[in-house]
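Colleague: Can you read through this structure? Questions will come right after.
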Amino acid sequence: MKSLRTLLKLARRDVETLRRALADQILRQTTLEQRILGHEATVRAEQQAALKDYESSRVYGGYAVAVVAMRRALESERAIVAAEIDRLRGLISAALVEARKFERLIELEEAREKAMRERRENADLDEFATMRAARGNRAIGQ
């Protein structure tokens, strides 16, 4: 029984560790989304500057190549983070199932112990009733 409780504590700790890792990845995803939005705003501002100024329009071609590379890198990172979030959610589900198994085993063990206690109490009561009946029969027979 004690070992089951220890295993349950370990399973719950694993769930909490995975939940913290998931929270970290969600924070990373949020930060990445903000970076993407900031990057897109910067690109729009540079496009507007290129339309207004001849010198800016000349260098915009090189900037556009760098923008495409940066966008690909950000999208790649977004995909990696999303995959990690999905993986962590799957691990959390599995860890919760594992913890529930230990909880169920503990419940079954407690039910078994309760049934054994009740059987012992009933046996003790039966023995007491038998002894009392035997005393009563002796008293009647004398």
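Since every read-out is calculated from the coordinates, none of them should be taken as a lab result. Bear in mind the structure is a predicted one, so any value in this text is a computation, not a measurement. Quick reminder, even Gly has a Cβ in these numbers, built from the backbone with ideal geometry, and neighbours come from all protein chains shown.
Colleague: Indicate the gyration tensor shape class of the stretch 1-78 (rounded, prolate or oblate), computed on the Cα atoms with a ≥ b ≥ c the square roots of the eigenvalues: a/c under 1.5 is rounded; otherwise a/b larger than b/c is prolate and the rest oblate.
Modeller: prolate
Colleague: Per 0.36 nm of contour for each residue apart, how much would the distance between THR6 and GLU84 grow if the chain were fully extended, relative to their Cα-Cα spacing? Write down the numbers at each step before the final one.
Modeller: On the way: separation 78, 0.36 × 78 = 28.08 nm, distance 2.89 nm.
This chain segment gains 25.2 nm when fully extended.
Colleague: Still on this structure: Please determine, in degrees from 0 to 90 and to the nearest 10, the orientation of helix 2-52 with respect to the longest principal axis defined by the Cα atoms of the chain, where the helix direction is its Cα long axis.
Modeller: The answer is roughly 20 degrees.
Colleague: What's the lysine pair count for the chain at a Cα cut-off below 27 Å, pairs eight or more apart or interchain? If you can, show how the numbers build up before the last one.
Modeller: Working: LYS2/LYS101; LYS2/LYS114; LYS9/LYS101; LYS9/LYS114; LYS101/LYS114.
So the count of such lysine pairs works out to 5.
Colleague: Under 4 °C and 1.567 mPa s, how fast does the stretch 36-93 diffuse according to Stokes-Einstein, given a Kirkwood radius computed over C-alpha pairs? Answer in µm²/s, whole number.
Modeller: Numbers: Rh = 13.4 Å.
Rounded, D is 97 µm²/s.
Colleague: With each run of n ≥ 4 DSSP H residues scored as -39500 (n - 2.57), what mean residue ellipticity at 222 nm is computed for the chain after dividing by its residue count and rounding to the nearest 500 deg cm²/dmol? Please list the in-between numbers first.
Modeller: Numbers: 2 runs with 139 residues, N = 142.
Value at 222 nm, helices only: -37000 deg cm²/dmol.
Colleague: Given the options GLU77, GLU118, GLU46, state which has the largest fluctuation in a GNM of the chain using a 10 Å cut-off (strictly under) for Cα springs.
Modeller: Fluctuation is largest for GLU118.
Colleague: So, one more: According to the Kirkwood expression over distinct Cα-Cα pairs, how big is the hydrodynamic radius of the chain, in Å?
Modeller: Averaging 1/r across every pair of different Cα atoms and inverting gives 21.9 Å.
Colleague: Of the candidates LEU88, LEU22, LEU37, which one comes out as most mobile in a Gaussian network treatment of the chain with C-alpha springs shorter than 10 Å?
Modeller: LEU37
Colleague: What is the spin-label model distance, in nm, from ILE36 to GLU118 if the labels are put 7 Å beyond Cα along the C-beta direction?
Modeller: For ILE36 paired with GLU118, the spin-label model returns 5.8 nm.
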